[in-house]
Amino acid sequence: MNTFTYTAINSQQKKIKGSIAAQNLTLAKQQLKSQGLIVIQIQEKKSNFIDLERQPKNQDICLFTRQLATFLSSGISLTDALSGMAEEQSQAIMKPVIQGIYQKVLEGYSLAQSLKQYPKLFSNLYCATIYAGEQSGQLDHVLDQLANYIEQQYFAKQKIQQALIYPSMMISVALLIIFFLMTQVVPKILAIFDDNQQALPLMTKILMSMSHGFKVFFPFLLLIIIVIGFIFYRNKDNLIWKRKWHQHLIQNRFYCNFIKMTQIPRYLHTMHILLSSGVNILESMNVSGQLISNLLIKDKFNEATQKVKEGISFSKALMQTQWVNSMSLHLIQSGEKSGQIAEMLERAAHQLDVQRQQWIDTSLKLLEPMIILLMGGFVLFVVLAILLPIFQMQQLV
C-alpha cells in the first residue's frame, strides 16, 4: 500500500490538498474521482530513511475502533461511518488508512477483508474478530470489545515502562559516575602515589589495577557489545538462529517467569475476546498462538491446537504445554463444564495480570535499594583506596 499526495478541486470549487492510500496511482485517482474530486496534481509520497511523520500507533487504532463502534451502534451505516471518520480532525494520522478501507468497502469487500491490506496496523487477531462480528451481526459490540482489549494491552505496557523509568535512570547515573571516576578522577590521584614509589595498601593496588584495566579494555568491551548487537540484528529473521537463542532463553528461570506473567495472560485475553466474539476454538487458538514470541513455546501451543483438533479438551491440551499454571487450568476446566469458558479465560488472565503487577512492584522495591547499596559501596571503596595511602604518608612525615 502506497501513499499519494494530491491537489484537487472539490464540489464547492475550492482547491484542497491531502493524501490517500492506494495500491497504485490509477487506483488513487479512481478513489479521488469517486469522492467527487477533480484531480489537478497527484504524486507518490516518497519515504525517507528517517520518517519524521508520526505513524499510527496503538492509541490511534484504539481511537479508530472506538469511534467506529460508536457510529455503528448509533445506527449509521459502515460506509457513512468510515466517510465521516476520514473527515474527523482527530483521525488526521489515520486518514489515508481510513480512506483506503472506505474505498475497499465501496468496492464490495467486507470490513475484515479491507483491513487486511494494512497488516502492520491490523493484526490477525483484529481481522479475525472483525470477521466474526460481521458474520454474527454484532460488529458494533465486537468493535467495542476490541477497543477495550487494545486499551488494556496499551495501559499494561505503559505501566511496566513507567515502573522501569526510575531504576533505569538510577542504573544509568550510577554507570556514568563509575565511568567518570575510573577515567578522570582515579587515574590522576593514583598518579601521585606512583611518583612517590611508596608501598601501597591492597585496596589501592586493586583500584589501580581496575582503573588501568578499565582504560585498556573499555574500547574492546564497547566493540564486543557493538558486534553482538550487529549479530543479533543480522540474525533477527533467521529462524534457525532464533530457535537456538530461544532454546537458550527458556533455560533461564527468570525468563520463564517473565513469559508466564506476560505472554500467557495475553494468550488467555486473546482467547477470551475471540471466543466471546463467536470465533471457533481452533481458529482462536491459531490466532492467539501467534502472539507468543518464543518459537519453542509457540510450538507447544501449536501442538495444543492440534490436540484439540484431535478431540482432547482445551484445558488438557493447555496443561500438556506445561506453561499454564494450575490455577488458570482449574478456572478453564470450570468454564468447560459450565459452558462459560470465555468468561473463565478472562478471569484467569486477570489473575495472572494481578500476579505480574505484584511481582513487578516487589522486584522494583528490592532493586532500588540494591542499586543504592552497590553504588554506595563502590564509592566507599574508591574513597578508602585513595585515603589509606594518604594516611600512610602523613604517618611517615
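Every number in this text was worked out from the coordinates using simple rules, so none of it is lab data. Keep in mind that what you see is a predicted model, and the values were worked out from it rather than measured. We place every Cβ from the backbone using ideal geometry, glycine too, and count neighbours over all the protein chains shown.
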Next on the checklist: Checking the cross-link filter: which aspartates and glutamates have an alpha carbon closer than 18 Å to that of Lys15, excluding same-chain neighbours under 8 positions apart?
Outcome noted: Glu87
Item to check | With eigenvalues of the C-alpha gyration tensor scaled by 5 and rooted, the stretch 144-303, Å | outcome: 50, 20, 13
Checklist entry - What does the helix-only formula give at 222 nm for the chain: each DSSP H stretch with n ≥ 4 adding -39500 (n - 2.57), the total divided by the residues, and the result rounded to the nearest 500 deg cm²/dmol? => result -24500 deg cm²/dmol
Checklist outcome for this item: Largest fluctuation, Ile160, Ile130, Ile297 only, Gaussian network model of the chain with Cα springs under 10 angstrom, belongs to Ile160
Checklist entry - Mean 1/r over all different Cα pairs, inverted: what Kirkwood radius does the chain give, in Å? => result 26.2 Å
Item to check | Share of alpha-carbon pairs per 10 Å distance bin for the stretch 58-151, given as whole % | outcome: 17, 58, 24, 0
Checklist outcome for this item: Here the Cα Rg-to-2.2 N^0.38 Å ratio for the stretch 2-44 is 1.02
Checklist entry - Taking springs between alpha-carbon atoms closer than 10 angstrom, which of Tyr118, Tyr267, Tyr233 fluctuates most in the Gaussian network model of the chain? => result Tyr233
Checklist outcome for this item: Its Cα gyration tensor gives the stretch 198-260 an equivalent ellipsoid whose semi-axes in whole Å, largest first, are 39, 18, 7
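If neighbour count is taken as other Cβ atoms inside 10 Å, put Cys256, Cys62 in order from fewest to most. Don't skip to the answer; put the middle values down first.
Numbers: Cys256 15, Cys62 18.
Fewest to most other Cβ atoms nearby, the residues stand as Cys256, Cys62.
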Checklist entry - Pairs Lys242/Lys316; Lys57/Lys244; Lys242/Lys298: which exceed 20 Å Cα-Cα? => result Lys242/Lys316; Lys57/Lys244
Checklist outcome for this item: The alpha-carbon center of the stretch 152-227 and that of the stretch 85-146 are separated, in whole Å, by 51 Å
